[in-house]
Amino acid sequence: MSVYFIMFFGIVSFLVGIALSTILHELGHGIAAYVLYKGDIKICIGSYLENARFITLKLGRLHIHLTRNPFKWSKGFCRVSTNNSWLKDCIYIFAGPFVNIIILIVSTLVLTRPETHGLVKYTALSLVIASLIVIFKNLIPNGSPIILDEFRYTYNDGQQLKQLIQIRKVYPQLTKIPRLVNSNELNKAITLFESLPECNNNHQVLRLGMSLYFQSKQFDQSIELFNDFKKTKLLKSEDYGLCGLCYSWQNNHLQAIELYDQSILLNYHNLSSRINRGYTYNILGKYDEAIEDFNMSINAGLYLAYSFSNQGLSKLKKGFEKEGMEDIQKALEIEPDCSYALKNLGIYEIDKKEYEKALAYFEKAKQVDPNTHQIDDLILETTSLLNS
């Protein structure tokens, strides 16, 4: 065999080995979930984004989604409703790396056999290397979140196992809190959180409390937890972003910008902090900076309706009427009831002194989403302008 053929075969074997190791890794999670949990199991190979284009295979409760490009099959995730028991969750998470460990052992045994030679030897070597890469990639805890869509993210297996170990003592309470939130029992969720014994020293508990207080609009309490958390020096990009959002809702926009800046400094690709900073830049009249932040989100294909609607406002404020209206229309095409697109159309009408049209847009925005930022203030302001 020529050297070039061996090199070509080695590269192809390695790429196939990575893809195969990833698929088997996620199937390990999926099969464990099939045994341990009820409900559907979703495996995605080739993309972390749930809105990507996939080829779908259904095997009972197991739904396998593969991107059309096999060269992207080096990444994937498995999603299932867990929260049944601490031990089951640990088994489910470790099942993926366990499959790769089995592949590594078998491949190593084949590789080290004296009679192994030629293409079989190179294939076994490729699988050994691929398995090691997938194992280390998944088992070494990594605190950087893996974005699944606009509202969900996850972590690698090592980080999830680390988190489970840290919350072992309060696992039953912590898993009950999200169910209470989903059932619109936010006050009960907060009461349960405040009863947790590790409230002041477990960073996962502190993060949960920050989120609960934010959702209940108790922004001072969320900021207070953030300041307690800051003493641990374990803050992540998402923590700064959430605290920045608290200050935004309190209309302390300069403080919010500082926190969004810190969030983005820790994670340049934190799109949630970017769009919130872009929104705040609009309020402060820094429209070029706002457009830059919204563009990053649009280019990534996330938060599209929100980003287009607010980028449209930036352009309108800069005097680019055609481009601004086009962006807002794109937002409404993506999400016909986008409250921020409606709100920004109302702001545009105020600038033209068309107060009746503005009020109609604001009222419709509030009807769609009563929590739209500053919508009540805008309705009061516009009503006052109409009556003056």
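The values are calculated or read from the model by the stated rules, or taken from the named source; none is laboratory data. This one's a predicted model, so the numbers in the text were calculated from it and none came from an experiment. Note that each Cβ is placed from the backbone with ideal geometry, even for glycine, and that neighbours are counted across all protein chains shown. Note: areas computed on protein heavy atoms with side chains; ligands, DNA, RNA excluded. Shrake-Rupley method; radii C 1.70, N 1.55, O 1.52, S 1.80 Å.
Quick rundown of the values:
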item	result
For segment 255-301: rounded, prolate or oblate by the Cα gyration tensor [a/c cutoff 1.5]	oblate
Hydrodynamic radius of segment 23-171 per Kirkwood, over alpha carbon pairs, in Å	16.5 Å
With DNA, RNA and ligands ignored, accessible area of Ile102 (1.4 Å probe; Å², nearest 10)	80 Å²
Carbon + sulfur, % of accessible area of segment 93-137 - ligands and nucleic acids excluded, 1.4 Å	82 percent
Surface per residue (accessible, 1.4 Å probe) for the chain, Å²	53 Å²
Using distinct alpha-carbon pairs, which all enter the 1/r mean, Kirkwood radius of segment 97-202 in Å	17.3 Å
Convex hull volume per residue in cubic angstrom - Cα atoms of segment 47-125	139 Å³
Charge-dipole axis of the chain as Lys and Arg at +1 and Asp and Glu at -1 on Cβ define it, positive-most pick from Tyr155, Phe98, Asn371	Phe98
Other-chain or far-sequence residues with amide H under 5 Å of Gly76's (modelled H)	Gly46
Estimated vicinal HN-Hα couplings, Hz - segment 313-327 in sequence order (Karplus 6.51, -1.76, 1.60; Gly, Pro = x)	5, 4, 5, 4, 5, 7, x, 8, 5, 4, 5, x, 5, 4, 5
Point-charge dipole on Cβ atoms (K/R +1, D/E -1) for the chain, about Cα centre, debye to 20	1600 debye
Under Karplus coefficients 6.51, -1.76 and 1.60, residue-wise ³J(HN,Hα) of segment 37-45 in Hz, glycine/proline x	10, 9, x, 6, 10, 10, 10, 10, 10
Fluctuation leader among Thr22, Thr232, Thr67 - the chain, Gaussian network, Cα springs under 10 angstrom	Thr232
Pair Asn69, Tyr268: separation of 7 Å Cα→Cβ label points (nm)	2.0 nm
Segment 217-277: C-alpha gyration tensor shape, a/c 1.5 cut-off, then a/b vs b/c	oblate
Rounded, prolate or oblate (a/c below 1.5 giving rounded, otherwise prolate when a/b exceeds b/c) for segment 307-388 by Cα gyration tensor	oblate
Compactness index (Cα Rg / 2.2 N^0.38 Å), segment 221-335	1.11
Protection proxy ranking, peptides 170-181, 24-35, average beta carbon neighbours within 10 Å, highest first	24-35, 170-181
Computed helical MRE - 222 nm, the chain, DSSP H runs ≥ 4 contributing -39500 (n - 2.57), nearest 500	-22000 deg cm²/dmol
Mean projected area in nm² (Cα convex hull; one quarter of hull surface) for segment 181-287	6.9 nm²
Spatial separation of Cα centroids for segment 132-187 and segment 94-125, in angstrom	31 Å
Sparse-neighbour loop sites [trypsin sites (Lys or Arg not before Pro); segment 66-124; at most 10 other C-beta within 10 Å; DSSP]	Arg68
Phi to ³J(HN,Hα) by Karplus 6.51 cos²θ - 1.76 cosθ + 1.60 over segment 284-297, Hz, x for Gly, Pro	7, x, 9, 6, 5, 5, 5, 4, 4, 5, 5, 4, 4, 5
Solvent-accessible area of Asp228 with every protein chain in place, 1.4 Å probe, in Å² to the nearest 10	50 Å²
Convex hull projection area averaged over all views, segment 158-214, Cα basis, nm²	3.8 nm²
Value of relative contact order over the chain, rounded to a whole percent, pairs C-alpha under 8 Å and six or more apart	8 percent
